[in-house]
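Participant: The structure is given below, and queries will be raised subsequently.
The values are calculated or read from the model by the stated rules, or taken from the named source; none is laboratory data. This one's a predicted model, so the numbers in the text were calculated from it and none came from an experiment. A quick note on method: Cβ atoms are made from the backbone with ideal geometry, for glycine too, and the neighbour counts reach across all protein chains shown.
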There are 2 protein chains.
Amino acid sequence: MDQKAKALHGEALVIDCLEISRWSESVFKNMRLGGLTAVNCTCSILENFRGTVKNIAWWQRAFDRYSDLILPVHKVSDIQAAKESDRTGIILGFQNTSAIEDDLDLLSIFHGLGVRVMQLTYMEGNLVGQGCLERLDAGLTSFGLEVIEEMNRLGILIDLSHVGHRTTLEAIEASEKPIVFTHANPKSLCDHPRNKPDKALKAVAQKGGVVGATIFPPFLPAGNDSILSDYIDVIDHMTDMIGPDHIAVGTDFTENQPKQWFDWILTGKSRKGPALNLNHPLKNPKGIESSADFPNITHALLDRGYNEADVKKIMGENIMRVFSEVWKA
Amino acid sequence: MDQKAKALHGEALVIDCLEISRWSESVFKNMRLGGLTAVNCTCSILENFRGTVKNIAWWQRAFDRYSDLILPVHKVSDIQAAKESDRTGIILGFQNTSAIEDDLDLLSIFHGLGVRVMQLTYMEGNLVGQGCLERLDAGLTSFGLEVIEEMNRLGILIDLSHVGHRTTLEAIEASEKPIVFTHANPKSLCDHPRNKPDKALKAVAQKGGVVGATIFPPFLPAGNDSILSDYIDVIDHMTDMIGPDHIAVGTDFTENQPKQWFDWILTGKSRKGPALNLNHPLKNPKGIESSADFPNITHALLDRGYNEADVKKIMGENIMRVFSEVWKA
């Protein structure tokens, strides 16, 4: 990598809008190798309240045990502190609202435990709204409207990556704060139920939010044959559509997750097995295979002709702006 | 009351398709005074798994303590046994599927605990579908389809009284077994969100199910000023529409429930307070104020000109037929 890219990457805020790896010291070391300033780390997907609390307790122990590598992010200045101390700030996030069960009060409980990002639904419907693989393309429930109101009040960032189309649009409309797709690509580039129609991408930008482009192979046109430049094509396509102020990186890295784990998250409440065929084994795009490869993105963006200011926005400043606006509650 | 009505009531199977009283010895004594052979008694409304298990444990103690008045119904022959031993058979039922949370396996757990009737939703949406006061008139979720399949397999009767319009029609379509409205009146007589459009009433009959006419004052045209003959008018109206083989009695008695309890069930997950104004204090129709008044219904039906065979169907044989078809799994 050339010196310019290396220097830029070193000085930039580098934020991954979503990872869902099998958390371990080696994953955290890869984050350090990749120069990651902060990562939104999923700590609840299908779990209920109690299961999620257990996951958060794991993180509390990890923050002690790996304090040379990571630190918890509760506010924007914690991300600055991570940068200054050469560690990676961990933002705890949910990919579902199953953890709050039927109780609005649990939102402030989880906020108190440090959770700062919540996706409204995973693949299926829940008490809040409908997911992208749900048979219904229906909107927010009455409870969902109150969940959004309370997340806005507390300062929890709303993520709509996996959310169904109509629920996505209604949530963007209902939220008083910017919302994000932490990890989703344009449907117009790769027609997958998890990717987003242009209308939704534009609505996120209009609301002041960001879209994290993902390397997850099934959401890229070339699937398991993708390479880094295919990923940069996604960023190009979205930049053309909604401008460089609304693009971020949200890899969706699933480092060391076994096939059984994918089967679990894709089966959900059903007895019919995984709702999505992921074409296992997944093969991340050559050049961006783990957090350690993050400098390659900075390099590739510069090579593609992005100016330094835009590279810094995409690599972290855009999502940092959204955190600042939403978390201050 | 004349001797003919008294004799008929004494020999008939008398079944109340739904009560949700503050259960106590006095409530059970009223059931005996009214000559009730069996009652579908709600043991879960908004509760989750654990809360519902606790309610069922209360019933297990009650079956021991009040064994001179009541007995548990797990199969149709238990209702015959109740009749022969001059006791009231208690059918445990849910008015929601919140108790199974996100787990299809809990259906067989509750079936094992004796639960034989489950309403798919209460007033709000849940993981299965949408309730009648939900902002969405959307259909069944993917999970909801599997819940119906499993209820059919186990032999749990599906109740759709509080369920939203589209979810109701989809559930009738999806179920392989007859379904019921245990307690609902025609919207064409009293335009209340809890009452049912003619289309839905006809679909229940078409499926071989029954509709339990309710005395709950807000669902009667004269509200708190209703009298027994207004209730018989509801039965007349529905008999004209769907025939005497599909009508039953589902009072929705709420004996001794305090106002706070109504506020609780009508508030649900919301912070906005009760979703429905019930015009408290409720005043049951004169002539049918508690379970003790059940003989008055038999009397009034005969007075209205129903023949003895139809009176016996409406008072219990119709719902007994549905139990027979569904519970044999």
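Participant: Answer yes or no as to whether B:Ala99 is outside any loop (DSSP other than H, G, I, E, B), aliphatic (A, V, I, L, M) and surrounded by fewer than 16 Cβ atoms within 10 Å (Cβ to Cβ).
Facilitator: No: the conditions fail for B:Ala99.
Participant: In segment A:265-280, what residues are among the hydrophobic types (A, V, I, L, M, F, W, C), within 13 Å of another protein chain (Cβ to nearest Cβ) and part of a loop (DSSP other than H, G, I, E, B)?
Facilitator: A:Ala275, A:Leu276
Participant: Tell me which residues, restricted to segment B:110-124, are more than 9 Å from chain A (Cβ to nearest Cβ) and assigned to a loop (DSSP other than H, G, I, E, B). Quick ask: steps written out before the conclusion?
Facilitator: Step one: filter segment B:110-124 for residues more than 9 Å from chain A (Cβ to nearest Cβ), giving B:110-123.
The answer is B:Leu113, B:Gly114, B:Leu120, B:Thr121, B:Tyr122, B:Met123.
Participant: Could I ask something else about it? Just name the residue that is surrounded by the most Cβ atoms within 10 Å (Cβ to Cβ) out of those in segment A:237-278 that are within 30 Å of B:Leu104 (Cβ to Cβ) and of a type in the set (Gly, Ala, Ser).
Facilitator: A:Gly268
Participant: What is the residue count in segment B:126-162 for residues that are within 18 Å of B:Pro193 (Cα to Cα) and out of contact with any helix residue (DSSP H, G or I) (no Cβ under 7 Å at 6 or more places or on another chain)?
Facilitator: Residues that pass the stated criteria total 7.
Participant: Considering A:Ser161, A:Ser142, A:Ser188, which residue is closer than 28 Å to B:Met123 by Cβ and either of a type outside the set (A, V, I, L, M) or at pLDDT below 95 (or both)?
Facilitator: Exactly one of A:Ser161, A:Ser142, A:Ser188 is closer than 28 Å to B:Met123 by Cβ and either of a type outside the set (A, V, I, L, M) or at pLDDT below 95 (or both), namely A:Ser142.
Participant: Related question: Based on this model, can you work out whether B:Ile148 counts as part of a strand (DSSP E or B) and not polar (S, T, N, Q)? Break it down into steps so the answer makes sense when it comes.
Facilitator: Working: part of a strand (DSSP E or B): no; not polar (S, T, N, Q): yes.
So B:Ile148 fails the test.
Participant: Collect the residues in segment B:151-185 that are within 13 Å of another protein chain (Cβ to nearest Cβ), touching a residue at least 40 places away in the same chain (Cβ under 8 Å) and in a helix (DSSP H, G or I), keeping them in residue-number order.
Facilitator: B:Arg153, B:Thr167, B:Glu170
Participant: Which members of segment A:1-48 meet the condition of being modelled with pLDDT of 95 or more and among the basic types (Lys, Arg)?
Facilitator: If the condition is that a residue be modelled with pLDDT of 95 or more and among the basic types (Lys, Arg), then A:Lys6, A:Arg22, A:Lys29, A:Arg32 are the ones that fit.
Participant: Still on this structure, I have one more. Being more than 8 Å from every other protein chain (Cβ to nearest Cβ) and not in a loop (DSSP other than H, G, I, E, B) is the filter here; which residues of segment B:125-145 pass it?
Facilitator: Within segment B:125-145, B:Gly131, B:Gly144 qualify.
Participant: Kindly establish whether A:Ala62 is aliphatic (A, V, I, L, M), in contact (Cβ under 8 Å) with a residue 40 or more places away in the chain and within 29 Å of A:Arg321 (Cα to Cα).
Facilitator: Considered against the rule, which asks whether it is aliphatic (A, V, I, L, M), in contact (Cβ under 8 Å) with a residue 40 or more places away in the chain and within 29 Å of A:Arg321 (Cα to Cα), A:Ala62 comes out as no.
Participant: While we're here: Where residues in segment A:247-264 are touching a strand residue (DSSP E or B) at 6+ places or on another chain (Cβ under 7 Å) and in a loop (DSSP other than H, G, I, E, B), which of them is farthest from the other protein chains (Cβ to nearest Cβ)?
Facilitator: A:Thr251
Participant: Does segment A:232-246 include one or more residues that are touching a residue at least 40 places away in the same chain (Cβ under 8 Å), more than 14 Å from chain B (Cβ to nearest Cβ) and farther than 24 Å from A:Ser291 by Cα?
Facilitator: yes
Participant: Go through A:Ala222, A:Ala205 for me and flag whichever is farther than 19 Å from A:Leu276 by Cα and either modelled with pLDDT under 95 or not hydroxyl-bearing (Ser, Thr, Tyr) (or both).
Facilitator: A:Ala205
Participant: Can you pull out the residues in segment B:271-285 that are free of Cβ contacts under 8 Å to residues at least 60 places away in the same chain and on the phi < 0 side of the Ramachandran plot?
Facilitator: Taking segment B:271-285 as the starting set, the residues that turn out to be free of Cβ contacts under 8 Å to residues at least 60 places away in the same chain are B:271-274, B:277, B:280-281.
Scanning segment B:271-285 gives B:Arg271, B:Lys272, B:Pro274, B:Asn277, B:His280, B:Pro281.
Participant: Scan segment A:283-304 for residues that are over 24 Å from A:Arg87 (Cα atoms) and in contact with a Lys or Arg (Cβ under 9 Å, 6 or more places away or on another chain) and jot them down.
Facilitator: A:Leu302
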